[in-house]
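Below is one structure; the comments refer to it alone.
Derivation of every value follows stated rules applied to the coordinates shown; laboratory data play no part. Quantities reported herein were computed from a predicted structural model and do not represent experimental measurements. Every residue, glycine among them, receives a Cβ derived from its backbone with ideal geometry; neighbour counts consider all protein chains shown.
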Amino acid sequence: MSDMSTLTRQADFPGLLTREGAPWHYLDTAATAQKPQVVIDAMARALGADYATVHRGVYARSAEMTLAFEAARRRVATFIGGAEDEVVFVRGATEAINLVAQTWGLTNLKAGDRILLSVLEHHSNIVPWQLLQDRTGVEIDVCPLTDDGRIDLDAAERMLTPAHKLVALAHVSNVLGSMLDVRRAADLAHGVGAKLLVDGCQAAPRLPVDVAALDCDFYVFSGHKLYGPTGIGVLWARKDILDSMPPWHGGGSMIDRVTFARTTYAPPPQRFEAGTPAIAEAVALHAAIDYVEAVGLKAAHAHEMALVERTREELRRRNDIRLFGPEDSAGIVSFAMDGVHPHDLGTILDEEGVAIRAGHHCAQPLMDHLGVPATARVSFGLYNDETDVDALLRGIARTKKIFG
Ligand SMILES: Cc1ncc(COP(=O)(O)O)c(C=O)c1O
């Protein structure tokens, strides 16, 4: 177990206090992370004293903002071990996956081809492929889970055929916290000639990520789960793949030359960034990555695993709780309490100053698999510590009293 004191100063995060200034036990980081003050300051500066457009202005402020925007892209690239021209700024993971489906997917997949997903995927790694299915007739296969809630790569190995052109899997499950062996998934996908897309939404804030070592083809994540702002996310794709992809949205910034007779397009990543981008958000994402790396993702991972271990241990002692997912979860614990709907639990915990998520977590096929309509989900971040687990346990005990 790692040292369970906080990794970060809770005072760095103004969002961790209630409006009355009392501590707030925020256990919903998998939905979105609270922001450190340095990110809020970076955003305010970018929208204030530093604000100007990028890529077009001939005046100094715009040139400086362009440098800051492109520095953010380089920062993302070093953060995940990619190259800067492989980093496309998008609104979030959802947009990134839709972009891949509607460009690479529409160009490369046809009726008879197959895509392999898994039971635990977030809707944003299911529905874009179903939309593609409607347009192309591509078939979707669903990889089952192991008994403890991991994507079953032995089953994937048996299921994959040369007809599979894409495997798209979550690096860390947003419901169960289970971690994927991405390297093995990449080997399996490549073994049949398929590409691997990794949904890194929950992994990028929780684990060190190196896309070169993972050997994936696409990696996507959202800024707001990485202690940065909403409205910005990342699609990383291998250079040769990005180069081969046609544009998606048309408009300013993504072109080389426009005439009514014929328009040519800019090379990636600009080809996929039509319109004025999320300028301040990119700059603030840069600050968020600096913050997270200063804490260290190895330390973050060990810390969150230790909080999970204690939470699971304590919940297991009760005889009224069913725990889902594997023991070694990356900072996320889902459970169900006998006789108490997760929403009721969430409401009572809220009265105790504890914020958890209750619902299907945008993973309805996984809920069907678990045989529940919803789960209660606790998810940890850099700023959580034992006091948050204590508050959760107190709230659960009180809920039990209320519901008898
Ligand atoms: C695993 C996973 N994938 C994708 C998403 C979608 O992210 P966003 O809503 O930021 O686009 C989420 C968000 O909850 C997620 O947890």
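Taking other C-beta atoms within 10 angstrom as a stand-in for reagent exposure, LYS400, LYS195, LYS239 fall in the order LYS239, LYS400, LYS195, fewest first.
Taken over the alpha carbons of the stretch 259-404 as equal point scatterers, the Debye sum produces base-10 log I(q)/I(0) values at 0.08, 0.12 Å⁻¹ of -0.35, -0.64. Could you tell me the calculated FRET efficiency between ASP243 and SER62, based on Cβ-Cβ distance and R0 = 30 angstrom, to the nearest 0.05? The computed FRET efficiency comes out at 0.60. Spin-label model, ARG310/HIS123: points 7 Å from Cα along the beta carbon direction are separated by 3.5 nm.
Taking the charge dipole of the chain about its Cα centre, with +1 at Lys and Arg Cβ atoms and -1 at Asp and Glu Cβ atoms, the residue from GLY331, THR53, HIS164 reaching farthest to the positive side is THR53.
Estimated from the Cβ-Cβ distance and a Förster radius of 22 angstrom, the FRET efficiency linking GLU352 and ASP41 is about 0.10.
Applying 1/(1 + (r/R0)^6) with R0 = 41 Å to the Cβ-Cβ distance of ASN319 and ARG183, what FRET efficiency is obtained, to the nearest 0.05? The calculated FRET efficiency here is 0.55.
P(r) tail for the chain: Cα pairs beyond 32 Å make up 37% of the total.
Adding -39500 (n - 2.57) for every DSSP H run of four residues or longer, then dividing by how many residues the chain holds, sets the calculated 222 nm ellipticity at -11500 deg cm²/dmol.
When the charge dipole of the stretch 41-293 is built from unit charges on Cβ atoms (+1 for Lys and Arg, -1 for Asp and Glu) and taken about the Cα centre, the candidate among VAL87, GLY275, ALA68 whose Cα reaches farthest toward its positive end is GLY275.
Taking every DSSP beta bridge that has both ends in the chain, the antiparallel portion is near 60%. Charge dipole of the chain (Cα centre as origin; +1 on each Lys and Arg Cβ, -1 on each Asp and Glu Cβ, all else neutral): 760 debye, rounded to the nearest 20.
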